[in-house]
1. Quick check on this structure: which one of 113, 208 is modelled with pLDDT of 95 or more and either under 30 Å from residue 60 (Cα atoms) or outside the structural domain of residue 67 (by TED's automatic domain parsing) (or both)?
2. Given (1) more than 30 Å from residue 2 (Cα to Cα); (2) in contact (Cβ under 8 Å) with a residue 12 or more places away in the chain; (3) in contact with a strand residue (DSSP E or B) (Cβ under 7 Å, 6 or more places away or on another chain), where does residue 109 come up short, assuming only one miss?
């Protein structure tokens, strides 16, 4: 359960655990769990019955990824994506079926939602425990790197050298743990990097105004 993840994260921090409060460790674990939920959403399968024609309250525990109707066919009969949609009504979001489904129809929803991690409930697979704990520890090392980067250097030169390496050391440990997270989950860590765009910016004229170019006359 949750205590197991806190223990693993503490083990990964090793001798730096004293720098981290229990509250900081808990917040880092929550952030790591949220990231894991984006990369490996929890799959929830649930049957629902329409109480009104062609509409149903949107699930509160995630986003609908697939709908089976009728239920029990082999292979499963999945509704085309264009046959259902989310509708944001003033009273709350709804799942609607523009093509029409009568009241009393039972459908099977596949929902992708966040994971749960409490003292009683744990939806993270055992194989991914280290990944989540590693991400939490990486976040804490990022914080320690930021906290120590502004520290003043001691007067003793030897101590100054050791002191100056602390932020870099923490940053490297964070990078290794984050890489371990992606390795365990089999994800590409570069997948979220934005594409770069190169733009040629014209230089101004020497007087600060717009540069005038002269075309070569055609012969």
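The values are calculated or read from the model by the stated rules, or taken from the named source; none is laboratory data. Small disclaimer: the values here were computed from a predicted structure and weren't measured. Reconstructed Cβ throughout: ideal geometry from the backbone, glycine too, with neighbour counts over all protein chains shown.
1. On the way: 208 fails: modelled with pLDDT of 95 or more.
None of the other options fit; the residue is 113.
2. In the conditions (1) more than 30 Å from residue 2 (Cα to Cα); (2) in contact (Cβ under 8 Å) with a residue 12 or more places away in the chain; (3) in contact with a strand residue (DSSP E or B) (Cβ under 7 Å, 6 or more places away or on another chain), residue 109 misses (1) alone.
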